[in-house]
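Notes for the one structure printed next.
Where a number appears in this text, it was derived from the coordinates with a stated rule and is not lab data. Just so we're clear, the structure is a prediction, and the values are computed from it rather than from any experiment. For neighbour counting, all protein chains shown are included, and Cβ atoms are generated from backbone atoms with ideal geometry for every residue, glycine included.
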Amino acid sequence: MDTNKRLIVKSITWQLAGLIAMTFIGYLFTGSFTAGGGIAIVSAIVGFLCYFFHEKAWSKIVWGRDNA
């Protein structure tokens, strides 16, 4: 079992890896690291918000829950 500190560090490094990857992909499409970085940041924020609201919606759905 991971400690909370380890999970936080893993989450941060995962997010940084995603930001670097999205910056590079944005650069390939735009030719600009600035634009690529902007795309990466917006993508991270939108992804976070989509995940949050997705989880909120699924928390109201009882299908498939094991209440045992």
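Rounded to the nearest 10 degrees, what's the angle between the helix 4-30 long axis and the longest principal axis of the chain, both from Cα atoms, 0 to 90?
Between helix and principal axis, roughly 40 degrees.
According to a simple spin-label model (label point 7 Å from Cα along Cα-to-Cβ), what is the distance in nm between V62 and K10?
Between K10 and V62, the label points sit 3.3 nm apart.
Once every DSSP H run of n ≥ 4 in the chain is given -39500 (n - 2.57) and the sum is divided by its residues, what mean residue ellipticity at 222 nm do you get, rounded to the nearest 500 deg cm²/dmol?
On the way: 2 runs with 54 residues, N = 68.
Calculated at 222 nm, the ellipticity per residue is -28500 deg cm²/dmol.
Enter the angle in degrees (range 0 to 90, nearest 10) between the Cα long axis of helix 33-59 and the first principal axis of the Cα atoms of the chain, meaning the one along which they spread out most.
Once rounded, the angle reads 10 degrees.
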